[in-house]
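We did not get these values from a lab; they are worked out from the coordinates using the rules stated. As the structure is a computational prediction, the values presented were derived from the model and not from experiment. Virtual Cβ from ideal backbone geometry, glycine too; neighbours counted across all protein chains shown.
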Number of protein chains: 2
Amino acid sequence: MEEKLPVFESIFSIDCLIFGFEAGVLKILLIERGDEPFKDWFALPGYIVKQDESLDDAADRILYELTGLRDLPMKQFHTFGEVNRHPQGRVITVGYYALIRVNSQKELRPTAHLARKAIWHPVSDLPKLAFDHTDIFNKGFAKIRRRLNHQPIAFDLLPEKFTLTQLQGLYEAILDKKLDKRNFRKKMLSYGFLKELVEKQKGVSYRAAKLYKFDKRKYAKIFQNELTAE
Amino acid sequence: MEEKLPVFESIFSIDCLIFGFEAGVLKILLIERGDEPFKDWFALPGYIVKQDESLDDAADRILYELTGLRDLPMKQFHTFGEVNRHPQGRVITVGYYALIRVNSQKELRPTAHLARKAIWHPVSDLPKLAFDHTDIFNKGFAKIRRRLNHQPIAFDLLPEKFTLTQLQGLYEAILDKKLDKRNFRKKMLSYGFLKELVEKQKGVSYRAAKLYKFDKRKYAKIFQNELTAE
DNA sequence: ACAAAAGTGTTCTTTGTACACCCATGA
DNA sequence: TCATGGGTGTACAAAGAACACTTTTGT
């Protein structure tokens, strides 16, 4: 602490890209802003990092304040630092993402005034977003699409028990293309980390499908070498 | 500009991970610090972002001031925001990396006082670095290792004309494992983006190897679909 | 009985991997 | 002539891609 650092009036913030999968549609969480700038616009949940909290902690806190969601496994994906990205001053923002089960979450309840409300919105039809949030979305979504091929991130979006058809539908929603049913199932099952349950799907007016679980322990065993990758 | 943003005394900085390949050894660029804190320590070239420059611009400027190198194709890889990572206050830093040709560069000539000198240091034997720079190095190096399998980043480290053995040596240095000569060559040539030159290696006391060039145009044509990936 | 989705194999192509010897050159 | 790295091919295994019909169930 011997010498002083030069101080600039600059701020950093967090913006969160929270994906969910509901009724076969891929969605993200948006807030409707109740304050200027961009009052009444839709935006990614995001706000300013405090001086005494790490980025990861800030991401948790901010998401909670703006949406009511808590303790999601968020990961950083990119930092956006264009000089004029915020109309009120220099704000550098760190983008975080998470993939979650929509229905496992309580109702969306922002506590901060900035968020008038929080909603799930289909990614295929996003409105114009505040600030450079559309860029942030695009960058983050591209990253997730790439990661889908290497990491078991899809299971975070599904209920604990799911059918292979649901899983395939999710892959198709994220990758935005049709996949071959037989090849998809063969490949998924060949990994060995899906656990077949005795229980079957209920309440459908056609042949009930088998339910599966994602088995984290098996996954960790099988891919312990590759876990170095993130 | 209607309302004021809350202002915290926080700072962001850039740290650069510059890789080079010299005499068959993978190296990174370090500075020896001439100022507190961590005076006399080795560190990654890094300093504070000004208020009126983007992160990318700041990375270029800072690297130039601390090492004399200019206009490298640097890319952001991660942002480090632990509260106590800097002993003098809250400093969030954005990590950038680049891979370059060591010999294509002029002498290393820092202009900023902070860098007493800049040197190339083998990655296999790094000293303790200032701040959390060892963590930053590990994270960045891991990223590059992964990227090596998907992107033609190795060619940035080699002279314009190179032999297949040199290329293989570089892959082996980055991945830290031996590769099979025949399989390596077959695979590289099968991509179709290496251009065989008529010119051959000179000045060696054994059979002269063919020289190759990396053909960016062909690469772009072949992989235009996958270029969405970064 | 019919509508709707579940479930299932084979063939071919591509990619990866293991492995060892002769060749050309300069000293 | 010898030491040094340059250069080459084959066989097998694994993974990916194309492709269509029968089965189960609820209504």
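For the pair B:SER190 and A:ARG185, what calculated FRET efficiency results from E = 1/(1 + (r/R0)^6), where r is the Cβ-Cβ distance and R0 = 35 Å, to the nearest 0.05?
0.70
Size of the dipole of segment A:160-228 about the Cα centre, Lys and Arg at +1 and Asp and Glu at -1 on the beta carbon, nothing else charged, in debye to 20?
280
Output, in nm with one decimal and in ascending order, the distances from the A:PHE223 label point to the matching label points of the other copies (7 Å from Cα along Cα-to-Cβ).
Spacings between copies for this position, smallest first, are 2.2 nm.
Which value, in nm² and rounded to one decimal, describes the direction-averaged projected area of the C-alpha convex hull of segment A:160-228?
5.8
List the lysines whose Cα lies under 30 Å from the Cα of B:LYS39, skipping any in the same chain that are fewer than 8 positions away.
A:LYS4, A:LYS50, B:LYS27, B:LYS50, B:LYS75, B:LYS106, B:LYS117, B:LYS128, B:LYS139, B:LYS143
Rounded to the nearest 5, what % of DSSP beta bridges with both residues in chain A are antiparallel?
70
Measuring nothing but label to label, 7 Å from Cα along Cα→Cβ, what are A:ARG207's distances to the other copies in nm, shortest first?
In nanometres, ordered from closest: 6.1.
What is the minimum Cβ-to-axis distance for chain A, in whole Å, where the axis maps A onto B, and to which residue does it belong?
For the rotation taking chain A to chain B, the closest Cβ gives A:THR79, 2.
Sorted from shortest, what are the nm distances separating the label point of B:PRO122 from equivalent points in the other copies, each placed 7 Å from Cα along Cα to C-beta?
Between copies, matching label points for B:PRO122 lie 5.9 nm apart.
If each DSSP helix of 4+ residues adds -39,500 (n - 2.57) and the sum is divided by the residues in chain A, what number results at 222 nm, nearest 500 deg cm²/dmol?
-8000 deg cm²/dmol
Mind giving me the nanometre distance, one decimal, between the label points for B:TYR206 and A:ASP35, set 7 Å out from Cα along Cα→Cβ?
Result: 6.8 nm between the two label points.
Between B:GLU53 and B:THR134, 0.36 nm times their residue separation minus their Cα-Cα distance comes to what?
Result for the pair: 26.5 nm of gain on full extension.
Does the protein assembly as shown come out rounded, prolate or oblate, given a ≥ b ≥ c as the square roots of the eigenvalues of its C-alpha gyration tensor, rounded meaning a/c under 1.5 and, failing that, prolate meaning a/b above b/c?
Oblate shape, in that a/c is at least 1.5 and b/c is the bigger or equal ratio.
Straight distance only, please: which lysines reach the Cα of B:LYS202 with their own Cα at less than 18 Å, same-chain residues fewer than 8 apart left out?
B:LYS161, B:LYS210, B:LYS213
What spacing in nm lies between the two simple spin-label points modelled at B:ILE222 and B:LYS178, each 7 Å away from Cα in the Cβ direction?
2.7
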